Amino acid sequence: MTEPILVNEPLLNGKEKQYLNECIDDGWISSEGPFVKRFEEEFATRMGRKYGIAVSNGSVALDAAVVALKIGPGDEVILPTFTIISCAAAIVRAGAKPVVVDCDRQTWNMDVSQIEAKITPKTKAIMVVHIYGLPVNMEPVLKLADKYGLHVIEDAAQMHGQTFQGRPCGSFGDISTFSFYPNKHITTGEGGMLLTDDEYLAQRCRSLRNLCFQPSRRFVHEELGWNLRMSNIQAALGVAQLERLDEFIARKRRMGKLYTELLKDVPGLELPVPYTDYAENIYWVYGLVVKDEVPCDADEIMHRLSLKKIGTRPFFWPVHQQPVFQKMGLFEGENYPVSERIAKRGFYIPSGIALTDEQIERVAQEVTAVMQSLT
Ligand SMILES: Cc1ncc(COP(=O)(O)O)c(C=O)c1O
């Protein structure tokens, strides 16, 4: 019987068990344990930052980042429409207004040439989100942030180990955030991190993570926070995974190259861009876009692949088309054609770090067969 190929499977065969056993043996299973601090320090150092604040996932890292920067009612934040709901949700939950730009047709990252026209006196920040394996073109973003005095929130959830012009992704934001969900380059099961070089912001993020308990009067609160703490068990996984980040990135790049080699002549597909002039793709996921001449969208192709037991995921659905935001009266009459197109025509194929070359070959064969039957 043919085994299913999952869309994402992590690799946990380094020191994960050893470190988890240490948690059990020592009894440190809450956020008070030593692995949390160690993971924060080692991760921040790896990304070239001063402070790391470990949290329970990448979505709440964004919530904390927005609130730590005191963005709230009356403020606007510019972000790509082609991203996960967590980005816009953090802005809306803080009472601020998300303002979106379209994405680039080739890299699927925010079209930075559209940002300046969206800046108003209410704009407080640009939230950049690196998408699927290539970073946002940070240079124009940093220039605009400087020119208009805006904060940069950098969502690097998919970008562990990637660089922009040789500088680590995760080192560009006033606050940068990560996710460690099992489909990420390194995982803690569930988990996230905020990074910053600013001591005050670091202290605010730590406080927001921990219910805004006050050091002097613990149970008297000046501000509302959350319990976003990461446990020692999660951090133990994180330390073990971080030891292998370089190896994992090298593997992901080899996987991406193999897929490209096998799929480059398949009709009807647009493949990921291997390079830009500022970065080499790390293929967080291997995304495909179905060309316009193919008479069906990604859903049909994903369905046909599922019959062959190949796991897939659709691309993000654009923020401006989310029913939850439309019901709030946001983005009325706005159109972003590039994002709308790839949302319908884009999907990704198995991309987890545990995928073998043989599995990649089988996926490519099935994708080829489906596409040939359609074109
Ligand atoms: C760009 C981006 N931001 C935020 C998140 C949210 O991370 P989490 O799933 O850890 O909440 C994700 C998750 O995939 C993501 O891709």
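Every number here is computed from the coordinates shown, using simple stated rules; none is lab data. On a predicted model such as this, the values are computed, not experimentally measured, just so you know. When we count neighbours, we look across all protein chains shown, and the Cβ atoms used for this are built from the backbone with ideal geometry, even at glycine.
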Beta bridge orientation in segment 16-242: antiparallel %, DSSP, nearest 5: 50
Distance violations [Cα-Cα > 22 Å] among Lys122/Lys147; Lys97/Lys327; Lys17/Lys37; Lys37/Lys143: Lys37/Lys143
Mean Cα-pair separation over length for segment 236-375, i.e. relative contact order, pairs under 8 Å, 6 or more apart, %: 32
Cα gyration tensor shape for segment 121-175, rounded if a/c is under 1.5, else prolate or oblate: prolate
Taking all pairs of distinct alpha-carbon atoms in the chain, Kirkwood radius in angstrom: 21.4
Ranked Thr2, Thr81, criterion: other C-beta atoms within 10 Å, fewest first: Thr2, Thr81
Helical contribution to [θ] at 222 nm, DSSP H n ≥ 4, -39,500 (n - 2.57), averaged over the chain, rounded to 500: -11000 deg cm²/dmol
Distance (nanometres) between label positions extended 7 Å along Cα→Cβ at Leu258 and Arg218: 5.2
Global form of segment 238-330, assessed from the alpha-carbon gyration tensor, a/c cut-off 1.5: oblate
Modelled FRET efficiency - R0 51 Å, Val324 with Asp25, Cβ distances, 0.05 increments: 0.65
Virtual spin-label span in nm between Glu139 and Ile85, 7 Å along Cα→Cβ: 3.8
